[in-house]
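The values are calculated or read from the model by the stated rules, or taken from the named source; none is laboratory data. From a predicted model like this one, the values you see are computed outputs, not experimental measurements. For neighbour counting, all protein chains shown are included, and Cβ atoms are generated from backbone atoms with ideal geometry for every residue, glycine included. The area values use the complete protein model at the heavy-atom level, side chains included, leaving out ligands, DNA and RNA. Shrake-Rupley method; radii C 1.70, N 1.55, O 1.52, S 1.80 Å.
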Amino acid sequence: MAEAAHSAHEGDTTRRDFIYIAAGSVAAVGVAATAWPFIDQMNPAADTRALSTTEVDLSAIPEGQQIKAMWQGKPVFVRHRTPEEIAAAQRDDYANLKDPQHDADRLVQEDGQPGKAEWLILQASCTHLGCIPTFAEGAYHGWFCPCHGSVYDTSGRIRSGPAPKNLYVAPYVFTNDTTIRIG
Amino acid sequence: MSGPSTYEPKSGITRWLDRRLPILRLAHDSFVAYPTPRNLNYWWTFGAMLSLCLIVQIVTGIVLAMHYVPHIDHAFASVQRLERDVPFGWLIQNIHAVGASMFFLAVYIHMFRGLYYGSYKAPRELLWILGCVIYLLMVATGFLGYTLPWGQMSFWGATVITNLLGALPLIGESIKNWLSGGFSIDQPTINRFFSLHYLLPFVIAGVVGLHVWALHEAGQNNPVGIEVKSKADTVPFTPHATIKDLFATTLFVILFAVFVFYMPDSLGHADNFIPANPLQTPPEIVPEWYLLPFYAILRAFDFNIGPIDSKLAGVLAMFASIGVMFLLPWLDTSRVRSMRYRPIARQFFVIFAVVCFALGWCGGQNPGRILFKVAPFSATMNWVTGGQVTERSIRATSESEWQQAADAAVAELRSQGAGMTAVTREGATSGRITGVIGGNQQTRVVSGDTSELLEEHITEVKQEVGPATPFFAVERSSPARFTVTNFSLLLTFYYFLFFLVILPVLGLRERPERVPDTIAKPVTQGAS
């Protein structure tokens, strides 16, 4: 005992210090290991994550129309563009854009393959505050956001209004000629 | 503060109890014998109302939970069933919904009271901070509760608020998914929000216990802000404060009842009577009235500040606006507690209160709404009637030389006498130029109060002129204007200025007013 006190006085590491640190470490790991399941249980569950991809049958969508597919609980625009809409989108590649991007780059599939010009797959959420834009309205006949008046063109690019970015492209791949998988 | 206990058990039973669990002694010392300053005014009665509000919310909430179904397909219907089918469900549901608003009304008055009379200054710093914790928990509980009826505002409010966290760099997306339990607001979200909404009021009750404990340790502040010095400055809590609190609370309950029985839905939003629809957003997403000032701060930034984008700046400012309250005891450097004796601080305080109301107003407005503008929106339109139209294609040798090629084509056509030209780019290196030679040049100026009206006028002129006219050039000019967003930014600036600059600097510089002798003499026993 006297020896231990003496050592501590000298500032040396004693066996007691080691025991304190070791016990503290075990307790800290124990607390973390106990807390983690209670924290992690709030993350998306396996069945929720299983819903993270959605298949869409394109054959049911006539030219000039779009559907809203649900992906991860959020709507996705799947738009079957007309040749005029495609031409307008491609022509405006060089227009004065807020968030410049070429139409072809907005069609690229998740695996890097080029997409098909008639199918545009976008997340249906205005990049301003997350409202859902309405179909084929606004000066560019793309989308129009009723909340604060953002106007998107037929490529989903922001053309006027408060939104900072183009509508985000949803990650998708063609699984065959008439089916896509989103996510 | 309260000194040694004066409780004396009278009967055999209370004597028996007092030896074993002195709970009656605690109650007596806290709510009967407890000395309160004799000069407290009615601003000091809101603590009692807040206790009542908490009890009312817990009691009605427990009843509502017996009928509510936390499921995306049934939540909305279960609340409607409560309103229509459950015996007295309409009453209990309305009390709970209105109660949230009344709770916040009382807490805001309580907070402004503390701010005005300097109730956060030593030795009451922890008392104030515990109050801030309670307020933060109230905001969280109110937000979670508003999601549960699963109407349109519930759903989209929750979406907007959880998206805010997504604005945080790197970890934002993970935190957002962790909080909602999925990739959007959905079944896992409503389930956990219900669980937490049930939990948090009991946490609040616990912190209220600490708040009252801290209050009884430090003693109450009072309107003159001078510590009570002797028993002569105080009166026992019962009957003096008890009766006064009871009277004020009765008036408060009357107001409460007016809302519950005559206009239960007036404080809510009509859109929340539409079931949540993830496929359609309401035209305007607004929180409940008590969160509007913070919503205005959130939307005040429409520009990026260096690496911080506008969205993140808003999120940080909103959290900072509550965070700054926790630091208030050390930000205010004045040694004088009550603003009664701080003539300059009092004026800044009044401005601050007005700013808070104005922020609330801004939070409820469309952020793009124009408040003032120097001139109307106007547009100058030029077109040519008659004349000869020429169209040519432009080819550039490479993408980078496009602009030169286009300029050259314009210059060439102009030199041939074209009054107007237009270039359309069709690809990386190709495009088209159209020009009109000769003809009559026409000009017209239109104006409108809003940009939408202006566009309408332009369309009218276009239709009048006719699509056959090959050229139609529109030059729009937008006037300098002051929008709700600009106003919010100005108010936000003052909000932070008040806490971070005015209070620290003023406390050191201000010359307080003299405390009247009638107060100073008896308190200091003529020492100064």
(message) Suppose the chain between B:Thr390 and B:Asp309 were pulled fully straight at 0.36 nm per residue; how much longer would it get relative to their current alpha carbon spacing?
(response) 24.5 nm
(request) Work out the mean other chain Cβ neighbour count within 10 Å for the residues of A:91-97 and drop it here as an integer. (result) 3
(message) Can you tell me which of A:Gly156, A:Gly64, A:Gly112 moves the most in a GNM of chain A? Springs connect C-alpha atoms under 10 Å apart.
(response) A:Gly112
(request) Only loop residues by DSSP count here, and only those with at most 13 other Cβ atoms within 10 Å; note down the chymotrypsin sites (Phe, Trp or Tyr not before Pro) in segment B:300-385 that meet that. (result) B:Phe303
(message) Rolling a 1.4 Å sphere over the protein heavy atoms, what is the accessible area per residue of segment A:123-183, to the nearest Å²?
(response) 35
(request) Determine ³J(HN,Hα), in whole Hz, for all residues of segment B:127-144 in sequence, where each value follows from phi through the Karplus function 6.51 cos²θ - 1.76 cosθ + 1.60 and θ = phi - 60°; x replaces Gly and Pro. (result) 4, 5, 5, 4, x, 4, 4, 4, 4, 4, 5, 5, 4, 4, 5, x, 5, 4
(message) Need the list of aspartates and glutamates near B:Lys121 for cross-linking: C-alpha distance under 18 angstrom, and skip anything on the same chain fewer than eight residues off.
(response) B:Glu217, B:Glu227, B:Asp332, B:Glu510
(message) Out of the total accessible area of segment A:49-182 (probe 1.4 Å, heavy atoms of protein only), what percent is carbon and sulfur?
(response) 51
(request) Please report, in whole Å, how far the alpha carbons of segment B:377-479 spread along each principal axis, starting with the longest. (result) 46, 29, 20
(request) Set Lys and Arg Cβ to +1 and Asp and Glu Cβ to -1, take the dipole of the protein assembly as shown about its Cα centre, and tell me which of B:His269, B:Gly47, B:Ser154 lies farthest positive. (result) B:Gly47
(request) For segment B:37-135, report the accessible area per residue in Å² (1.4 Å probe, heavy atoms, rounded to an integer). (result) 42
(request) Convert each backbone phi in segment B:359-365 into a coupling constant with the Karplus relation 6.51 cos²θ - 1.76 cosθ + 1.60 (shift: θ = phi - 60°), then list the ³J(HN,Hα) values in order as whole Hz, x for Gly and Pro. (result) 4, x, 5, 4, x, x, 9
(message) Can you give me the long-range amide H partners of B:Met420? Hydrogens built in the peptide plane at 1.01 Å from N, cutoff under 5 Å, separation of 5 or more residues or another chain.
(response) B:Val436
(request) Loop only per DSSP, at most 13 neighbouring Cβ atoms within 10 Å: give me the chymotrypsin sites (Phe, Trp or Tyr not before Pro) in segment B:1-99, ordered by residue number. (result) B:Phe88
(message) Could you check the spin-label model distance between B:Gln442 and B:Glu464? Points 7 Å from the Cα along Cα→Cβ, value in nm.
(response) 0.9
(request) Compute the separation of the alpha-carbon centres of segment B:455-512 and segment A:105-152 and state it in Å as a whole number. (result) 28
(request) Using a 1.4 Å probe over the heavy atoms of the protein chains, calculate the carbon and sulfur portion of the accessible area of segment B:377-479 as a whole percent. (result) 45
(request) Quickly work out the B:Thr250-to-B:Lys373 label distance, labels modelled 7 Å from Cα along the C-beta direction, and quote it in nm with one decimal. (result) 5.6
(message) Tell me the relative contact order for chain A as a rounded percent, counting alpha carbon contacts under 8 Å between residues six or more apart.
(response) 18
(request) List the accessible area buried at the contact between A and B, summed over both sides and calculated with a 1.4 Å probe, in Å² to the nearest 100. (result) 2100
(request) Determine, from the Cβ-Cβ distance of A:Val26 and B:Glu173 and an R0 of 41 Å, the FRET efficiency 1/(1 + (r/R0)^6), rounded to the nearest 0.05. (result) 0.75
(message) Can you list residues from other chains, or at least 5 along the same chain, whose modelled amide H is less than 5 Å from the amide H of B:Ser477?
(response) B:Ser378, B:Ala379, B:Thr380
(message) With a cut-off of 8 Å between alpha carbons and a minimum separation of six or more residues, what is the relative contact order of segment B:377-479 in percent?
(response) 46
(message) Just want to confirm a number: the relative contact order over chain B, from Cα pairs under 8 angstrom separated by 6+ residues, in percent.
(response) 17
(message) Can you tell me which lysines have their Cα less than 27 Å from the Cα of A:Lys98? Leave out same-chain residues fewer than eight positions away.
(response) A:Lys68, A:Lys74, A:Lys116, A:Lys165, B:Lys311, B:Lys373, B:Lys462
(message) Under the 0.36 nm per residue contour assumption, what length would be gained going from the current alpha-carbon distance of B:Asn382 and B:Ala122 to full extension?
(response) 86.5 nm
(request) Leaving out ligands and nucleic acids, note down the accessible area per residue over segment B:260-360 with a 1.4 angstrom probe, in whole Å². (result) 49
(request) Measure off 7 Å from each Cα along the Cα-to-Cβ vector at B:Ala77 and A:Asn43, then give the distance between these two points in nanometres to one decimal. (result) 3.5
(message) Quick check: at a probe of 1.4 Å, how many percent of the accessible area of segment B:194-241 sits on carbon and sulfur atoms?
(response) 74
(request) Only helical DSSP H runs with n ≥ 4 go in: add -39500 (n - 2.57) per run for chain B, normalise by residue count and round the 222 nm mean residue ellipticity to 500 deg cm²/dmol. (result) -18000 deg cm²/dmol
(message) Test of understanding: what is the full-extension gain from B:Phe493 to B:Phe261, defined as 0.36 nm times their sequence separation minus their Cα-Cα distance?
(response) 79.5 nm
(message) Just checking the output field for B:178-185: average partner chain Cβ neighbours within 10 Å of each residue's Cβ?
(response) 6
(request) Please find the FRET efficiency linking B:Asn191 to B:Ala320, where r is the Cβ-Cβ separation and R0 is fixed at 30 Å, and quote it to the nearest 0.05. (result) 0.45
(message) Please compute, for peptide B:277-288, the average count of beta-carbon atoms on other protein chains lying within 10 Å of each residue's beta-carbon.
(response) 4
